[in-house]
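Colleague: Please see the structure below; I have some questions.
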Amino acid sequence: MTPLLILRAGCIATQDDARTEPNNATGELYGASLFLKNGRIERIFKKGDADDETALQAILDKASTGVEIIDARHHVVVPGMVNTHHHMVQSLTRAIPSVQSAELFSWLKGLYPIWAGLTPEMVQVSNKIAMAELLLSGCTTSSDHLYIYPNGIRLDDSIEAAQAIGMRFTATRGSMSVGESAGGLPPDRVVEREPFILKESQRLIETYHDAAHGAMVQVALAPCSPFSVSTDLMRESAKLARSYGVRLHTHLAENDHDVAYSQEKFNRTPAQYAEDLGWVGADVWHAHCVKLDDVGISLFAATRTGIAHCPCSNMRLSSGILPLRKMLNAGVPVGLGVDGSASNDAAHILNEARQAMLLARVGKALEPLGCDAGPSEMTPRDALRLATRGGAEVLGRAHAIGQIREGFCADIAMFRTDTLAMAGGAVHDPVGALMLCASGNADYTIVNGRVVVREGRLATLEIEPLIEAHNRLALELASAARHR
């Protein structure tokens, strides 16, 4: 792996404990340089510090012997962003006309029959498309929740896609075991037998999970939702995960219908249901939680149970507005998720951070009169923190990713400040402009010290043939469902 030198950055927003960053061309990291080696941030060189300048010059003198230099004078440099919830295979069913105006349950019922035709090739290609989109948006680490396995699909297909494209990956083994005949939402033909689910989960952990500091692949267990799996599977999955020291993930309290299902079937609120089954704790994160009540928020804060906040999807499906500031103030760990590419319908993590910021502001304003509402509800730096440190904590990797700090993984996103979209804004406040101005793509994305996006283009795979294959498969999938 070639060492990298990010030279003389215009702005580095570290997201470290001191929230170190220069502002208006001042501050201790204005014009600083980063040296990345062996997948780590080896050293941060401060401009004007005599010792740092001497050490930096020594690297520059040796640059011809194998150090790549990236000129960062016209960039804002941030930690690689973290996506905590996704369904990558759904990129094949973006903008399907029949569900463009549906809410969650009718949306799922419209798409389950289409997804029943998925193949291993479709998983591989759609996952590469989704990961390419994420990488181009400055995301370096992503989880994915694959919970439907027809026609020989295995989670191995997703993991192989991540390894090919160069993304740091948390692969969650999702599952559905309760079909319509047993009172669940999915058709019976897309559910699996629970002994097989548990056996396959164990195989995947033993084959792929890496608990090391800079691991590129980790595995988590993720029974899909209260309306598609049994309480026994939830309990047994928790036992299995904790016996191996891996994390747990599911959907919870996504909308009013989701809450009503929990009340009707289990006589519990979603938070009570999760607690009863052992699904709270610092090793658990739940997607959405838009309808989590105050008691549930207190429970999640006390147990450090994480939440994947998916603002675009929640708006797209009219699920509601997460009480984000209330949760953060209570101490709930919160990260961002782009969610499925058929419910967003995009995978742009920077835009997700922007939307989280804006939705938190308008959500506060919609509360009863007399509440203190205003733009300070969620600042640009708060939003960036959700996308970096917040996501790192939710995925259990706060010690390794989400910060620009010596010893941390060399996961970096770099955005140009001399673009049309940033004109005017970047000269006042590069970090503020990154979140407030139009969400552009990264100029460079670096994962584990490897350049995977270079000058705005994916560097690990040819994108045009991939898009062509993806569009062909998307048409095949939809056509097969119509004729099934």
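The values are calculated or read from the model by the stated rules, or taken from the named source; none is laboratory data. Bear in mind the structure is a predicted one, so any value in this text is a computation, not a measurement. Positions of Cβ are generated from backbone atoms using ideal geometry, with glycine treated the same way; all protein chains shown enter the neighbour counts.
Colleague: Restricting attention to the range 88-99, does a residue exist that is free of Cβ contacts under 8 Å to residues at least 40 places away in the same chain and surrounded by 12 or more Cβ atoms within 10 Å (Cβ to Cβ)?
Modeller: Checking the range 88-99: at least one residue is free of Cβ contacts under 8 Å to residues at least 40 places away in the same chain and surrounded by 12 or more Cβ atoms within 10 Å (Cβ to Cβ).
Colleague: Kindly establish whether residue 345 is at pLDDT 95 or above, more than 21 Å from residue 12 (Cα to Cα) and either surrounded by 17 or more Cβ atoms within 10 Å (Cβ to Cβ) or not assigned by TED's automatic domain parsing to the domain that holds residue 213 (or both).
Modeller: no
Colleague: Out of 142, 158, which single residue is buried (at least 23 other Cβ atoms within 10 Å of the Cβ), part of a helix (DSSP H, G or I), in contact with a Leu (Cβ under 9 Å, 6 or more places away or on another chain) and in contact (Cβ under 8 Å) with a residue 24 or more places away in the chain? If you could, list the steps in order and put the result at the bottom.
Modeller: Details: 142 fails: part of a helix (DSSP H, G or I).
That would be 158, the only listed residue that is buried (at least 23 other Cβ atoms within 10 Å of the Cβ), part of a helix (DSSP H, G or I), in contact with a Leu (Cβ under 9 Å, 6 or more places away or on another chain) and in contact (Cβ under 8 Å) with a residue 24 or more places away in the chain.
Colleague: Please determine, by comparing only the residues of the range 429-456 that are small (Gly, Ala, Ser) and buried (at least 19 other Cβ atoms within 10 Å of the Cβ), which one is nearest to residue 30 (Cα to Cα).
Modeller: Checked the range 429-456; the qualifying residue nearest to residue 30 (Cα to Cα) is 433.
Colleague: In the range 390-445, what count of residues is obtained for those that are farther than 25 Å from residue 360 by Cα and acidic (Asp, Glu)?
Modeller: Summing the residues that are farther than 25 Å from residue 360 by Cα and acidic (Asp, Glu) in the range 390-445 gives 4.
Colleague: If you don't mind, another one. If I filter the range 360-378 for residues that are of a type in the set (S, T, N, Q) and either buried (at least 19 other Cβ atoms within 10 Å of the Cβ) or at pLDDT 90 or above (or both), do I get at least one hit?
Modeller: Taking every residue of the range 360-378 in turn, none turns out to be of a type in the set (S, T, N, Q) and either buried (at least 19 other Cβ atoms within 10 Å of the Cβ) or at pLDDT 90 or above (or both).
Colleague: Something else now. Go through the residues of the range 185-196 one by one and say whether even a single one is closer than 29 Å to residue 80 by Cα and in contact with a strand residue (DSSP E or B) (Cβ under 8 Å, 6 or more places away or on another chain).
Modeller: Scanning the range 185-196, I find no residue that is closer than 29 Å to residue 80 by Cα and in contact with a strand residue (DSSP E or B) (Cβ under 8 Å, 6 or more places away or on another chain), so the answer is no.
Colleague: Among the residues of the range 109-120, are any in a loop (DSSP other than H, G, I, E, B), under 23 Å from residue 353 (Cβ atoms) and among the polar types (S, T, N, Q)?
Modeller: no
Colleague: Please state which of the following conditions residue 357 fails to meet, knowing it meets all the rest: (1) touching a residue at least 60 places away in the same chain (Cβ under 8 Å); (2) among the aliphatic types (A, V, I, L, M); (3) outside any helix (DSSP H, G or I).
Modeller: (3)
Colleague: With the checklist (1) touching a helix residue (DSSP H, G or I) at 6+ places or on another chain (Cβ under 8 Å); (2) crowded, with 17+ Cβ neighbours inside 10 Å; (3) not in a helix (DSSP H, G or I) in hand, flag the one item residue 85 doesn't pass.
Modeller: Tallying (1) touching a helix residue (DSSP H, G or I) at 6+ places or on another chain (Cβ under 8 Å); (2) crowded, with 17+ Cβ neighbours inside 10 Å; (3) not in a helix (DSSP H, G or I), residue 85 fails exactly one: (1).
Colleague: Mind counting the residues in the range 170-186 that are in a loop (DSSP other than H, G, I, E, B) and among the basic types (Lys, Arg)? Quick ask: steps written out before the conclusion?
Modeller: Pass one, the range 170-186, residues in a loop (DSSP other than H, G, I, E, B): 176-179, 183-186.
Still in the running and among the basic types (Lys, Arg): none.
Count: 0.
Colleague: Is there a residue in the range 335-352 that is touching a Pro at 6+ places or on another chain (Cβ under 7 Å), closer than 29 Å to residue 92 by Cβ and touching a residue at least 12 places away in the same chain (Cβ under 8 Å)?
Modeller: Yes; the residues of the range 335-352 include at least one that is touching a Pro at 6+ places or on another chain (Cβ under 7 Å), closer than 29 Å to residue 92 by Cβ and touching a residue at least 12 places away in the same chain (Cβ under 8 Å).
Colleague: Moving to a separate point now. Identify, please: which residue in the range 292-317 is surrounded by fewer than 23 Cβ atoms within 10 Å (Cβ to Cβ) and touching a helix residue (DSSP H, G or I) at 6+ places or on another chain (Cβ under 6 Å) and is, among those, farthest from residue 257 (Cα to Cα)?
Modeller: 301
Colleague: Also: In the range 241-278, how many are surrounded by fewer than 19 Cβ atoms within 10 Å (Cβ to Cβ) and within 29 Å of residue 217 (Cβ to Cβ)?
Modeller: Going through the range 241-278 one residue at a time, the tally reaches 5.
Colleague: Turning to a different aspect of this structure: Specify which of the listed residues (426, 421, 480) is in contact (Cβ under 8 Å) with a residue 40 or more places away in the chain, touching a helix residue (DSSP H, G or I) at 6+ places or on another chain (Cβ under 9 Å), assigned by TED's automatic domain parsing to the domain that holds residue 72 and more than 15 Å from residue 129 (Cα to Cα).
Modeller: Details: 421 fails: in contact (Cβ under 8 Å) with a residue 40 or more places away in the chain; 480 fails: assigned by TED's automatic domain parsing to the domain that holds residue 72.
Only one candidate passes the filter, namely 426.
Colleague: Moving on to the next point. For the range 184-204, name all the residues that are in contact with a Gly (Cβ under 8 Å, 6 or more places away or on another chain), over 24 Å from residue 241 (Cα atoms) and touching a residue at least 60 places away in the same chain (Cβ under 8 Å).
Modeller: The answer is 186, 187, 189.
Colleague: Anything in the range 54-72 that is surrounded by 12 or more Cβ atoms within 10 Å (Cβ to Cβ) and either over 23 Å from residue 401 (Cβ atoms) or in contact with a helix residue (DSSP H, G or I) (Cβ under 7 Å, 6 or more places away or on another chain) (or both)? List them, or say none.
Modeller: The answer is 55, 56, 59, 60, 63, 67, 69.
Colleague: May I ask you to verify whether residue 138 is assigned by TED's automatic domain parsing to the domain that holds residue 115 and at pLDDT 95 or above?
Modeller: Here the answer is yes, as residue 138 does meet what is asked.
Colleague: Of the residues that make up the range 333-354, is at least one hydrophobic (A, V, I, L, M, F, W, C), in a helix (DSSP H, G or I) and farther than 22 Å from residue 127 by Cα?
Modeller: No: the range 333-354 contains no residue that is hydrophobic (A, V, I, L, M, F, W, C), in a helix (DSSP H, G or I) and farther than 22 Å from residue 127 by Cα.
Colleague: How about the range 203-305: which strands (runs of 3 or more DSSP E) wholly inside it have at least 2 residues that are of a type in the set (Val, Ile, Thr)?
Modeller: Of the strands (runs of 3 or more DSSP E) lying wholly inside the range 203-305, those with at least 2 residues that are of a type in the set (Val, Ile, Thr) span 217-223.
Colleague: Does the range 115-131 include one or more residues that are in contact (Cβ under 8 Å) with a residue 24 or more places away in the chain, surrounded by 24 or more Cβ atoms within 10 Å (Cβ to Cβ), within 16 Å of the chain's Cα centre (by Cα) and within 30 Å of residue 381 (Cβ to Cβ)?
Modeller: Checked the range 115-131: at least one residue is in contact (Cβ under 8 Å) with a residue 24 or more places away in the chain, surrounded by 24 or more Cβ atoms within 10 Å (Cβ to Cβ), within 16 Å of the chain's Cα centre (by Cα) and within 30 Å of residue 381 (Cβ to Cβ).
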